[in-house]
Amino acid sequence: METLTPAPQPKLSLRDVGKEFVLPRTGERTVALESVDLDVAPGEFLCIVGPSGCGKTTILNMIAGLTQPTSGAITIDGKAIDGPGAERGVVFQDYALFPWKTVRENIEFGPRYRIGSTMTRQERGERVRQLIDLVALNGAENKYPYELSGGMRQRCAFARALANEPDVLLMDEPFAALDAQTRVILQEELLRIWGEEDAEAGRRTVVFITHGIDEAVFLADRIVVMSSHPGRITEIKSVELPRPRKPEIRASAAFQELVEEIWQLIRHEAYAATIRA
Amino acid sequence: MSRVTGSPFIRAAVLPVTLLVVWQLTVMLHTPSPRTPLPTHVVEEAWKLIGSGDLPLALLQSFWRVLAGFAWAAAFGLIFGALMGTYRAIDRSLDPLIESFRSIAPIALLPLAILWFGTGTPAAAFIVGYAAFFPMIVNTIHGVKSVDPQLIRAARTLGVGRFTILRTVVLPGALPYIFVGARLALGVAWTSIIAAELAVGAKAGGGSTGGIGQMMFVFYAYSVDLNGIIVCMISVGLVALVIDRGLRRLENWMLPWKR
Amino acid sequence: MPARPQADRSGALAARFRSRIADIAVYLRTMIIFLLVWQGASMWIGNPILLPTPIDVAKSFAELAGSGELIDNTLASLWRLVLSFVLAAAVAIPLGFAMGLNRVVFDMIDPTVELLRPISGIAWIPLGLFILGIGDALPTAIMFYGAFFPLLINTITSVRSVDRSYVNAARTLGVGEATVLRQVIVPAALPGILVGARLAAGAGWMSMVAAELIGAPSGLGFAVEWYRELLMTPKVLAFIVLIGLMGYLFDRLLRAVQRSLTGWAEPRGA
């Protein structure tokens, strides 16, 4: 594993992290995660794939500070995580856009209300305008979430998370609810916004959870493959495809090989989970 | 879970017990007037009224009126509700009547009911039926309309006849709403019977109509027995609780597929 | 498509206008048939004390309006309605938030609420007559009581059922507890609370009319009973109509508030 850890000071670090749930009624214990060790380098795009119930979302929620691990430690820049913070932006699976706020108000939420925000009204307005340009929501600024299409909601949630200029972006199956075409387009958009074409130093750290193996291969620098019962890391794969990645790369042999390799790692469990459920 | 705040049972008991003790002590320390109600006297009075059979009889009488009124309301509510839920033309034509009449507080019709039916059971049952009708019909309409047309289409593709669809798809789909309607309807029916009996007593000068509301009125106007009134209030509350819980039980038993 | 939004909008407007006209026509048709049946029934019964004709009722309505009696009683009821409703909301909504957000507060207060709630406001009338006497206080207190529980219960339920994901989203954006409450929990709970407000208005209005009928020197409930004792049935009916109208208008008002405060909610139904 040492060879895969590229930078001396990782952005995020999970050390022997475990999570147990106790059912309040019966007192029954379920182990959701077991001894997870993981370092994420600054500016790295990391994808986590695995069958349902392998604890992908739990890892993300723990990094976000929404739940605490029952054992082990998680640090960001060497400091322990206790609770959510504006330096870690989250895009949720169901987007969790505030339905009572317009697109503009949703995006403005962090800069406007977060603790210790010093932005003036004008700066905020300017920032929101840039973000709306960035995610191409021009014209929809004053719409409510229910008036938006799935792809627009997704972009709005993305812009909302970016508005705080977080160092780390956590994304929980952000494209799962979209149709296949929209998904492909937004994957390319995501890489563009992440800064694929720029110098590596300017990129944010991204932890991206997905079901789609080809999505992970297309996006990631490294892919964490997980298995369930209990959730743990099976293998970590580096993706050596050149950046910036063009759509044609999906047809390349290297791409297909990697997809197939990862599929072989999880297919037994995926079958078992599907048929048992 | 913390020991400091105590178990839920203790937390639950703190407020009612404090209120009762404060009530008892203030009355005992300040105004020893024989009329002022005391928790201990209320218990004695309750014991007396139950023992003599007066309270159970009055409750039974009121409950009987509620059932009579509710039966009419349920029958009309279900029939018209089903029709209005199914046929749009009927719905459109009758909806204005329902919208206009449902905002008339049922008790406001009591004077009219007394004119029409006198001060006996029919007047009270009329008020109860009127009160129960609207929750019943509104929820039935809603229930029938809420049945997913996709389910009806699915049943038709399975080659099932019209009546069978009604029995096996529409009715089960609408039943949860109908139960909500019935619970609301019996709730307001029970409330209005108290109001009707009280008002009949207050305005028609007593009479032999009976019922729990009447009993309260007698305690109020003739024997000036506040302990008795409080006993009546508590039993009114208990019956309401029993009606509500009973219907919930029935609903869980009849609709096991609903969670 | 983008070339003709103007035409689309005016077309939609015209369509909506036409369907509105159609609705009114259906409404009028129904009510006219109803009035004709009523007229026929009262002519057939032939006893204006039992069932006066709608024309008689309309005449008494005009007469009562002219004498100012109608306005006085309506204002008396309206004042009590607004006062008790505002008081009930002012107590029940904050309490509901406290109970919905804090487990200990809930455990302490909920059992007492569940003990009192089944005792309807109307059952309090005799005791209330003793304590408060005949006057403004009794109907106001009874309506307060009637409106209190639907408001409280709906507030608690709405606060508790606020989708956790909104709260989580706000927290990951780095905001504090107070902002989560103000900007997330309050707006998310608002639709449920407004539903509670409409239920409360209905329940409270019903108990208030009962209280006025039994123990008030003025108000619509009082007037209905007053004219029954005088056997002036047309006036009884005129006031009954007014009671229905007031209940209806108050509900309309609350619906308008509902619409304007929750315009962000996805429109449901047709």
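The values are calculated or read from the model by the stated rules, or taken from the named source; none is laboratory data. What you see is a predicted model; the values in this text were computed from it and never measured. Every residue, glycine as well, gets a Cβ built from its backbone with ideal geometry; the counts of neighbours run over all protein chains shown.
Figures for the structure shown
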{"quantity": "Test: residue in segment A:63-72 that is within 14 Å of another protein chain (Cβ to nearest Cβ), surrounded by fewer than 19 Cβ atoms within 10 Å (Cβ to Cβ), free of Cβ contacts under 8 Å to residues at least 40 places away in the same chain and touching a strand residue (DSSP E or B) at 6+ places or on another chain (Cβ under 7 Å)", "calculated": "no"}
{"quantity": "Subset of segment B:221-238 [more than 18 Å from B:THR40 (Cα to Cα) and crowded, with 24+ Cβ neighbours inside 10 Å]", "calculated": "B:VAL236"}
{"quantity": "Check on C:GLU212, crowded, with 17+ Cβ neighbours inside 10 Å and touching a residue at least 60 places away in the same chain (Cβ under 8 Å)", "calculated": "yes"}
{"quantity": "Criterion violated by B:THR86 - all others in (1) surrounded by fewer than 16 Cβ atoms within 10 Å (Cβ to Cβ); (2) modelled with pLDDT under 85 satisfied", "calculated": "(2)"}
{"quantity": "Tally of residues being without any contact (Cβ under 8 Å) to a residue 40 or more places away in the chain and either within 8 Å of another protein chain (Cβ to nearest Cβ) or in contact with a Leu (Cβ under 6 Å, 6 or more places away or on another chain) (or both) across segment C:118-134", "calculated": "8"}
{"quantity": "Selection count where residues are in a helix (DSSP H, G or I) and within 26 Å of A:LEU60 (Cβ to Cβ), scope segment C:130-181", "calculated": "14"}
{"quantity": "All positions within segment C:9-59 that are part of a loop (DSSP other than H, G, I, E, B) and closer than 16 Å to B:LEU112 by Cβ", "calculated": "C:ASN47, C:PRO48, C:ILE49, C:LEU50, C:LEU51, C:PRO52, C:THR53"}
{"quantity": "All positions within segment A:239-272 that are of a type in the set (A, V, I, L, M, F, W, C) and touching a strand residue (DSSP E or B) at 6+ places or on another chain (Cβ under 8 Å)", "calculated": "A:VAL239, A:LEU258, A:ILE262, A:LEU265, A:ILE266"}
{"quantity": "Extreme residue, surrounded by the fewest Cβ atoms within 10 Å (Cβ to Cβ), among residues of segment A:23-43 that are under 25 Å from A:ASP214 (Cβ atoms) and among the hydrophobic types (A, V, I, L, M, F, W, C)", "calculated": "A:ALA41"}
{"quantity": "B:ARG183, sole failed condition from (1) modelled with pLDDT under 90; (2) part of a helix (DSSP H, G or I)", "calculated": "(1)"}
{"quantity": "Test: residue in segment C:112-122 that is assigned to a helix (DSSP H, G or I), touching a Pro at 6+ places or on another chain (Cβ under 9 Å) and not small (Gly, Ala, Ser)", "calculated": "yes"}
{"quantity": "Single unsatisfied condition, B:GLN214 versus (1) assigned to a helix (DSSP H, G or I); (2) more than 19 Å from C:GLY146 (Cβ to Cβ); (3) facing another protein chain (nearest Cβ under 10 Å)", "calculated": "(3)"}
{"quantity": "Flag if A:LEU46 is crowded, with 20+ Cβ neighbours inside 10 Å, out of contact with any Asp or Glu (no Cβ under 6 Å at 6 or more places or on another chain) and at pLDDT 95 or above", "calculated": "yes"}
{"quantity": "Residue count, segment B:221-259 (criterion: touching a Leu at 6+ places or on another chain (Cβ under 6 Å) and at the interface with chain C (Cβ under 7 Å from one of its Cβ atoms))", "calculated": "1"}
{"quantity": "Among the candidates C:PHE239, C:PHE250, residue that is part of a helix (DSSP H, G or I) and either closer than 30 Å to B:VAL144 by Cβ or free of Cβ contacts under 8 Å to residues at least 60 places away in the same chain (or both)", "calculated": "C:PHE250"}
{"quantity": "Residue count, segment C:23-36 (criterion: under 18 Å from B:ILE90 (Cβ atoms) and surrounded by 11 or more Cβ atoms within 10 Å (Cβ to Cβ))", "calculated": "9"}
{"quantity": "Some residue of segment A:127-134 being over 13 Å from A:ALA159 (Cα atoms) and more than 13 Å from chain C (Cβ to nearest Cβ)", "calculated": "no"}
{"quantity": "One residue from B:ILE107, B:ILE141, B:ILE98 being within 14 Å of chain C (Cβ to nearest Cβ), under 23 Å from B:LEU67 (Cβ atoms) and either of a type outside the set (Phe, Trp, Tyr) or in contact (Cβ under 8 Å) with a residue 40 or more places away in the chain (or both)", "calculated": "B:ILE107"}
{"quantity": "Test: B:GLY201 is in contact with a Leu (Cβ under 8 Å, 6 or more places away or on another chain), at pLDDT below 90 and crowded, with 18+ Cβ neighbours inside 10 Å", "calculated": "no"}
{"quantity": "Residue count for segment C:209-247, restricted to those that are touching an Asp or Glu at 6+ places or on another chain (Cβ under 6 Å), more than 7 Å from chain B (Cβ to nearest Cβ) and under 22 Å from C:ILE142 (Cβ atoms)", "calculated": "2"}
{"quantity": "Inter-residue pairs, beta-carbon under 9 Å, first in contact (Cβ under 8 Å) with a residue 40 or more places away in the chain and among the small types (Gly, Ala, Ser) and in segment A:172-199, second in a helix (DSSP H, G or I) and buried (at least 16 other Cβ atoms within 10 Å of the Cβ), 6+ apart", "calculated": "A:ALA176/A:ARG183; A:ALA177/A:ARG153; A:ALA177/A:GLN154"}
{"quantity": "Residue selected from segment A:90-117 under the condition more than 7 Å from every other protein chain (Cβ to nearest Cβ), assigned to a loop (DSSP other than H, G, I, E, B) and not aliphatic (A, V, I, L, M), by the criterion nearest to the chain's Cα centre (by Cα)", "calculated": "A:GLN93"}
{"quantity": "C:VAL105, sole failed condition from (1) surrounded by fewer than 16 Cβ atoms within 10 Å (Cβ to Cβ); (2) touching a helix residue (DSSP H, G or I) at 6+ places or on another chain (Cβ under 6 Å); (3) within 9 Å of chain B (Cβ to nearest Cβ)", "calculated": "(3)"}
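Yes or no, residue by residue, for (1) of a type in the set (Lys, Arg); (2) free of Cβ contacts under 8 Å to residues at least 40 places away in the same chain:
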position	(1), (2)
A:ASP77	no, no
A:GLU87	no, no
A:TYR95	no, no
A:PHE98	no, no
A:ARG104	yes, yes
A:TYR113	no, yes
A:ARG121	yes, yes
A:LYS143	yes, no
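Per-residue answers, yes or no, for (1) more than 15 Å from C:ASP136 (Cβ to Cβ); (2) surrounded by 14 or more Cβ atoms within 10 Å (Cβ to Cβ); (3) out of contact with any helix residue (DSSP H, G or I) (no Cβ under 8 Å at 6 or more places or on another chain); (4) of a type in the set (Gly, Ala, Ser):
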site: C:MET43; (1), (2), (3), (4): yes, no, yes, no
site: C:PRO52; (1), (2), (3), (4): yes, yes, no, no
site: C:ASN73; (1), (2), (3), (4): no, yes, no, no
site: C:SER84; (1), (2), (3), (4): no, yes, no, yes
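Here's the yes/no breakdown for (1) away from chain A (no Cβ under 14 Å); (2) touching a Pro at 6+ places or on another chain (Cβ under 8 Å); (3) of a type in the set (A, V, I, L, M, F, W, C); (4) crowded, with 19+ Cβ neighbours inside 10 Å:
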residue	(1), (2), (3), (4)
C:THR157	yes, no, no, no
C:ARG160	yes, no, no, no
C:ARG164	no, no, no, no
C:GLY176	no, no, no, no
C:ALA189	no, no, yes, yes
C:ILE193	no, no, yes, yes
